[in-house]
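Here you go, one structure.
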Amino acid sequence: MLSESSAAVVTATLPAVQAHGEAITGRFYQRMFDAHPELLDIFNRGNQATGAQKAALAAAVVAYAEHLTGGSDAPWGPILDRIAHKHASLGITPAQYTIVGRHLLAAVGEVLGDAVTPEVAAAWDEVYWLLACELVAREARLYLGAGLDEGGSVWRDWRVTGRVAEALDVVSFTLVPADGGPVPTFVPGQYASVAVDLDGGRGQQIRQYSLSGRPGADHWRITVKRVRGVDGAPDGMVSTFLHEHVAEGDVLRLSPPFGEVCAVAGEGPLLLVSAGIGLTPAMAALEHLAATEPQRPVVLVHADRAGAAHAFRGELPRLHAALPNLRTALWYEDVTDAEVAGLTAEVAGGRVDPALIPLSPDAHVHLCGPLPFMNVVRGGLLRRGVPAERIAYEVFGPGMLRDDRA
Ligand SMILES: Cc1cc2nc3c(=O)[nH]c(=O)nc-3n(C[C@H](O)[C@H](O)[C@H](O)COP(=O)(O)OP(=O)(O)OC[C@H]3O[C@@H](n4cnc5c(N)ncnc54)[C@H](O)[C@@H]3O)c2cc1C
Ligand code: HEM
């Protein structure tokens, strides 16, 4: 709970902080990286360049202040869970909250200037630390759940045992722990962070990759789409590195599995909707159900640019044989190579029309794909009567869907 005096100050200054949120978080990152260049290795430089991370941080702090001052009744648990899982996968430590807090509050002062009286500074300090404590507590539970000792590193070496081209610009890597120890299981929908040392002395970068194989198998699988720069933007750092430099026998550093989104939630009919590389959590879900609940009714809706870009389509006949109640509906923007050998899948041209998605009234839904795609599909499903709490979704970047943002 925020103290009464701070609540009044935060309510009064919230509009100014909100209006300058991204200027504040932008300044915060500059300050923090100047003072702690070592942190550049844990932050995603792509998100720094595009501004995605400063927007996500500003939105989170403002939304939390609104939540504390009663200005919003949006549920907080899911947002905290998302951040905590992401942080845990990066090995964020309680001590780092002191660094972030110092520079974030100093950035508020720099951007808002004289408006930041000692009372205003104290009130926002209180907001920051209430939020930090909630996150630290959640992260401590996640580290414990992952079997990590207090202060222990999240990173473990994994050896690449195979590399398979799945589609145009998409490769899968299979991995086993390099120490020969047990392979942790995971919930379909969870991801691992992968840390790589970029070539040319460019330092370390970390990205998340959904585990795309069967939970409980004797290895993990990740599936990586190579991100090519468009309109003068550079190629993706880590995906390009993995595609160009990582082969069977190499060693990668991976975190334990984290991620709050379960791709097989609930009971009864399941609807998996994906686009492009967003198919990876759905693949873990299908492999899991084939092994544990083969009779469950499942609809897989997948959108892709064309058949050649559609990863795992060669696995669909096997999955249909293992899951007799699986129905697949594909949408290809270019349908010239729509044939899927040995599979009676429904293939349509163009973009997914949510009104045409085969839908059971009691289905649980999992979505994964680019944000605009998920906004359209989720909006359509909500209009068709699916309650919001039955629609889970994974964003392959910082942030939430439009309706869930503060
Ligand atoms: C939970 C989760 C699960 C995920 N699962 C998967 C998965 O299963 N498979 C998968 O392939 N990916 C997955 N991702 C995405 C993955 O983590 C990476 O974001 C992706 O591989 C791109 O990383 P990169 O380093 O190649 O690109 P980055 O270097 O991070 O670049 C990202 C984008 O920013 C642009 N950019 C970078 N610098 C600039 C600049 N200076 N100016 C303008 N634009 C710039 C790049 O052009 C590119 O479009 C997942 C992400 C999350 C959060
Ligand atoms: C109260 C304090 C903090 C808040 C509110 C916060 C908020 C966030 C949010 C909203 C995200 C994006 C989550 C997502 O949607 O994927 C994120 C990611 C991240 N956070 Fe934090 N964070 C805090 C503290 C910290 C600390 C102490 C560190 C460590 C120095 C840290 C490092 C990171 C990193 C590395 C990411 C990954 C995203 C990227 O690099 O682009 N955060 N945080």
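Could you compute the FRET efficiency for ASP337 and VAL164, with r as their C-beta to C-beta distance and R0 at 22 Å, rounded to 0.05?
Computed FRET efficiency for ASP337 and VAL164: 0.65.
Related question: Enter the accessible area of THR280 (Å², nearest 10), with the probe set to 1.4 Å and all protein chains included.
Here the residue's solvent-accessible area equals roughly 0 Å².
Considering amide H positions built from the backbone, and no H for Pro or chain starts, which residues 5 or more places from GLY213, or on another chain, come under 5 Å of its amide H?
ARG221
Out of VAL9, MET283, HIS310, whose Cα points farthest toward the positive end of the dipole of the chain (charges: +1 Lys, Arg; -1 Asp, Glu; placed on Cβ)?
Farthest towards the positive pole: HIS310.
Related question: Report the gain in length on full extension from GLU22 to GLU346: 0.36 nm times residue separation, minus Cα-Cα distance, nm rounded to one decimal.
Stretched fully, the GLU22-GLU346 segment lengthens by 112.2 nm.
Ignoring ligands, DNA and RNA, please state the percent of accessible area on region 270-404 from carbon and sulfur, probe 1.4 Å.
The nonpolar share, carbon plus sulfur, comes to 55 percent.
Starting from the Cα-Cα distance between ALA52 and GLN295, subtract it from 0.36 nm times their residue separation and give me the gain in nm to one decimal.
83.4 nm
Within 14 Å, Cβ to Cβ, of THR69, how many net charges do the neighbouring residues add up to if Lys/Arg are +1 and Asp/Glu are -1? Please report the intermediate quantities before stating the final value.
On the way: positive: none; negative: GLU4, GLU66, ASP73, GLU126.
So the surrounding residues net to -4.
Could you tell me the ratio Rg/Rh of the chain? Both radii from Cα atoms, Rh via Kirkwood.
Rounded to two decimals, Rg over Rh is 0.98.
Next up: How much length, in nm to one decimal, is gained on full extension between ALA233 and GLN204, taken as 0.36 nm per residue of separation minus their Cα-Cα distance?
Separation in residues times 0.36 nm, less the Cα-Cα distance, equals 8.4 nm.
Also, I was wondering about something else. So, with a 1.4 angstrom probe, what is the percent of accessible area on region 4-145 that is carbon and sulfur? Provide the component values of the computation, followed by the final result.
On the way: 4040 of 6590 Å².
Using a 1.4 Å probe with all protein chains present, region 4-145 comes out at 61 percent carbon and sulfur.
Ok, one more. I need the Debye-formula profile for region 178-322: one equal scatterer per C-alpha, no solvent, reported as log10 I(q)/I(0) at q = 0.12, 0.14 1/Å, two decimals.
-0.56, -0.75
Another question, then. How big is the gap, in Å, between the Cα center of region 55-133 and the Cα center of region 287-364?
Each part's Cα centre sits 41 Å from the other's.
Where both partners of a DSSP beta bridge lie in the chain, what percent of those bridges are antiparallel, to the nearest 5?
The answer is about 50 percent antiparallel.
Note down the net charge around ALA35, summing +1 for each Lys or Arg and -1 for each Asp or Glu among other residues with Cβ under 15 Å from its Cβ.
Details: positive: ARG27, ARG31, ARG102; negative: ASP34, GLU38, ASP41, GLU110.
Computed value for this residue: -1.
Here is a further query. For TRP155, TRP129, give the ranking by accessible area with the largest first, probe 1.4 Å.
Ranked from most to least accessible, the order is TRP129, TRP155.
Here is a further query. Where does the charge balance sit around VAL227 when Lys and Arg score +1, Asp and Glu -1, over other residues with C-beta under 12 Å from its C-beta?
+2
Please calculate how many Å² of accessible area the chain carries per residue, with a 1.4 Å probe and no DNA, RNA or ligand atoms counted.
Per residue, the chain has an accessible area of 44 Å².
Report, in debye and to the nearest 20, how large the dipole of the chain comes out about its Cα centre when Lys and Arg carry +1 and Asp and Glu carry -1 on their Cβ. Let's see the in-between values first.
Values: 32 positive and 46 negative charges, 117 e Å.
So the dipole magnitude of the chain works out to roughly 560 debye.
The values are calculated or read from the model by the stated rules, or taken from the named source; none is laboratory data. Being a predicted model, the structure only gives us computed values, none of them experimental. Note that we place each Cβ from the backbone using ideal geometry, even for glycine, and neighbour counts take in every protein chain shown. Heavy atoms of the whole protein, side chains included, go into the accessibility calculation; ligands, DNA and RNA do not. Shrake-Rupley method; radii C 1.70, N 1.55, O 1.52, S 1.80 Å.
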